[in-house]
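Data first, discussion second: the structure below is written as structure tokens.
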Amino acid sequence: MGIVQILGIGIIAAILSVTIKQEKPEFAVMVSIATGITIFFVIADKLPYVIDTFNNIISKTQVNMVFISTLIKIIGIAYITEFGSQICRDMGEGSIASKIELGGKVIIMVLGLPIITALTETILGILS
């Protein structure tokens, strides 16, 4: 049912945005931002399920919690970066959107370095 709600909100917002854009283009961006926030609240009740699943994986595999929390941060940064860059594109600022995406990629790379380092050390330990 969640996707039907998201689809409905998206279609209504798109129609509203196109209609408003003809008279007041600056309000069309506000519609886009409000739509994104509304859709986030529609899906927010699904987030505890994701966290519970990660907790189950941690308890069954004894994976270091630092790796899982880093993975969750990386996923969050990816979503936030995508949301911000799409808003900039909606406003016609493709170059700023590209810079936001670059910033998000660099932050994700920095956060992922400890995981890559630990994985490399594990592989080298197995090989030696």
Inset, instruction - Please state which one of Ala44, Ala34, Ala28 is part of a helix (DSSP H, G or I), out of contact with any His (no Cβ under 7 Å at 6 or more places or on another chain) and in contact (Cβ under 8 Å) with a residue 40 or more places away in the chain. - result: Ala28
Inset, instruction - Could you tell me whether any residue of region 30-43 is loosely packed, with under 15 Cβ neighbours inside 10 Å, out of contact with any strand residue (DSSP E or B) (no Cβ under 6 Å at 6 or more places or on another chain) and modelled with pLDDT under 85? - result: no
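Consider region 59-76. How many of its residues are within 24 Å of Ile107 (Cα to Cα) and either touching an Asp or Glu at 6+ places or on another chain (Cβ under 6 Å) or part of a helix (DSSP H, G or I) (or both)?
Within region 59-76, residues that are within 24 Å of Ile107 (Cα to Cα) and either touching an Asp or Glu at 6+ places or on another chain (Cβ under 6 Å) or part of a helix (DSSP H, G or I) (or both) number 12.
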Inset, instruction - Would you confirm whether any residue within region 105-113 is without any contact (Cβ under 8 Å) to a residue 40 or more places away in the chain, of a type in the set (A, V, I, L, M, F, W, C) and outside any helix (DSSP H, G or I)? - result: no
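Could you say which residue among Thr53, Thr61 is farther than 24 Å from Ile80 by Cβ, free of Cβ contacts under 8 Å to residues at least 24 places away in the same chain and polar (S, T, N, Q)?
Sole residue among the options that is farther than 24 Å from Ile80 by Cβ, free of Cβ contacts under 8 Å to residues at least 24 places away in the same chain and polar (S, T, N, Q): Thr61.
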Legend entry - Top-ranked residue of region 59-88 - restricted to ones that are under 16 Å from the mean Cα position of the chain (by Cα) and of a type in the set (D, E, K, R), ranked as farthest from Ile37 (Cα to Cα): Lys73
Inset, instruction - Determine whether region 23-32 contains at least one residue that is among the acidic types (Asp, Glu) and within 26 Å of Gly2 (Cβ to Cβ). - result: no
Inset, instruction - Check whether at least one residue in region 55-74 is modelled with pLDDT of 90 or more and either closer than 22 Å to Ile9 by Cα or not polar (S, T, N, Q) (or both), and report yes or no. - result: yes
Inset, instruction - Scan Ile116, Ile80 and give me the residue that is modelled with pLDDT of 90 or more and more than 30 Å from Gly2 (Cα to Cα). - result: Ile116
Legend entry - Residues of region 94-103 satisfying the condition of being surrounded by 15 or more Cβ atoms within 10 Å (Cβ to Cβ) and not small (Gly, Ala, Ser): Ile96, Ile100, Glu101
Legend entry - region 76-94 residues that are in contact (Cβ under 8 Å) with a residue 60 or more places away in the chain, paired with ones that are surrounded by 15 or more Cβ atoms within 10 Å (Cβ to Cβ) and polar (S, T, N, Q) (beta carbon under 8 Å, 6 or more apart): Asp90/Ser32
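The values are calculated or read from the model by the stated rules, or taken from the named source; none is laboratory data. What you see is a predicted model; the values in this text were computed from it and never measured. Reconstructed Cβ throughout: ideal geometry from the backbone, glycine too, with neighbour counts over all protein chains shown.
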